[in-house]
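Below is one structure; the comments refer to it alone.
The values are calculated or read from the model by the stated rules, or taken from the named source; none is laboratory data. Given the structure is predicted, the values throughout are model-derived calculations rather than measurements. When we count neighbours, we look across all protein chains shown, and the Cβ atoms used for this are built from the backbone with ideal geometry, even at glycine.
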Amino acid sequence: MKFKKFGWNGVFFQIPEQMRFTRQGGNSSNGHIVLEAEIFMIEAKWEPYDQKKAKPLSEVGARLVQEMEKQAKKKKQIVKVLRKEDALVYKHKALYMVVRSPAEERVYMWYCAESERVFVWRFAFGIFDEDSKKMVKRVLNTLRCHGDEADVWSLMNFSFTVPRTFLLTETKMAVGRAHYMLTDRHLSAFAESAKSIFIEYFSMANLVYEDTYKDLGKWLEKNYLKDLRKQFKDRKIKLRPVEARRFKRHKMEIRQATTTSGFSSRRSALYSNATWYCARTNRIYTVTASSSIRRPIVFKRDSGEEDHKNMMEDFLSSFKCH
Ligand SMILES: [Zn+2]
Ligand SMILES: [Zn+2]
């Protein structure tokens, strides 16, 4: 069995190559993901918890079994807990259960004080065999639910790293197209500033964008700019080309825009966009970083251009598109 890396909202682990990322919801403190293959699936959930009031894991486990029973009852099926024991998941004491629901389930739950989340991790199989065992072991051995390093996001054949302060604020995964918005927001008495990184890709690009995929300037104008303006709620975005360079054997084009708006309080924003066609995955990737600040007009404009540039460059150097 071959494995690939997967990272989402501060959880990082390896999964069998054939697994598909089919569902997700929530954010880094309260969320869930579902990964599926033909005969098995992984469902992971996490929630914030109060360290002083945390219930024993056995209670969390009992509640889950109750929920499973409720689901099973509708289908006239029975849930059986076959085993319950202590386990260890990435330095955390965990509760491990073997449940027949009637799928063969291996359930792990634990509190992660470092990331202040409680995790419930379910592996479900049609048949639990040697391969299933290996799979569970690999996932758990590679699993990281907290750490000091920057967040690694690794999904759908591409990966990147962002500082921990960036949170996933919006995402959409559709056929042939997916996007992820990560935002780092700061509020102070006089100003509100935000940094965002917006990643989007388009699949089967040589087919869907037959006439423009080789001319990215045209592609942006024709297929993307409108969406980008909508995404950032900024109608004034006008991208002007600043640079073309190599990026992992692809030709990458960099564009920039600055906008200002507002009367009594002024919002100024800086945008950098990098767009390239990755022949290996036949995707057009387009990444837009924005730094914006809103404050009363009496304040002088501090452009923060250097910071903005560094954010974009750090991000791009971490990005793997194929
Ligand atoms: Zn942890
Ligand atoms: Zn590539």
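Selection of first residues in segment 199-213 that are surrounded by 20 or more Cβ atoms within 10 Å (Cβ to Cβ) and in a strand (DSSP E or B) and of second residues that are of a type in the set (A, V, I, L, M) and at pLDDT 95 or above, restricted to Cβ pairs under 6 Å at least 6 apart or on distinct chains, gives the following pairs, ordered by first then second residue: ILE199/VAL287; PHE202/ILE284.
Picking from residues in segment 93-108 that are surrounded by fewer than 18 Cβ atoms within 10 Å (Cβ to Cβ) and assigned to a strand (DSSP E or B), the one that is farthest from ligand 1 (Cβ to nearest atom) is ARG100.
Among residues that are hydrophobic (A, V, I, L, M, F, W, C), within 28 Å of ALA37 (Cβ to Cβ) and within 16 Å of ligand 2 (Cβ to nearest atom), LEU155 is included.
Only one residue in TYR277, TYR271 is crowded, with 16+ Cβ neighbours inside 10 Å, more than 21 Å from the chain's Cα centre (by Cα) and either under 19 Å from VAL162 (Cα atoms) or within 16 Å of ligand 1 (Cβ to nearest atom) (or both), so which one is that? Going through TYR277, TYR271 in turn, the sole match is TYR271.
Pairs are defined by a Cβ separation below 6 Å, a sequence spacing of at least 6 or placement on different chains, a first member in segment 93-110 that is on the phi > 0 side of the Ramachandran plot, and a second member that is surrounded by fewer than 20 Cβ atoms within 10 Å (Cβ to Cβ) and hydroxyl-bearing (Ser, Thr, Tyr); no pair meets this definition. Taking every residue in segment 265-282 that is under 15 Å from HIS250 (Cα atoms) and pairing it with any residue that is away from ligand 2 (no atom under 12 Å from the Cβ) and of a type in the set (D, E, K, R), at least 6 positions away or on another chain, the pairs with Cβ-Cβ distances below 6 Å are THR275/GLU253. For ARG235, the conditions (1) touching a residue at least 60 places away in the same chain (Cβ under 8 Å); (2) under 22 Å from GLU170 (Cα atoms); (3) not hydrophobic (A, V, I, L, M, F, W, C) are fulfilled apart from (1). Selection of segment 232-254 for residues being buried (at least 18 other Cβ atoms within 10 Å of the Cβ) and closer than 28 Å to LEU187 by Cα yields PHE232, ILE237, LEU239. State the number of residues belonging to segment 138-152 that are within 16 Å of the chain's Cα centre (by Cα) and modelled with pLDDT of 85 or more. Looking only at that region, the number is 4.
Inside segment 214-228, residues that are touching a Leu at 6+ places or on another chain (Cβ under 9 Å) and touching a residue at least 60 places away in the same chain (Cβ under 8 Å) make up a count of 2. The number of residues in segment 1-29 being over 16 Å from ASN141 (Cα atoms) and either part of a strand (DSSP E or B) or without any contact (Cβ under 8 Å) to a residue 40 or more places away in the chain (or both) comes to 11.
For segment 270-318, give me each residue that is among the aromatic types (Phe, Trp, Tyr) and at pLDDT 95 or above.
TYR271, TRP276, TYR277, TYR285, PHE315
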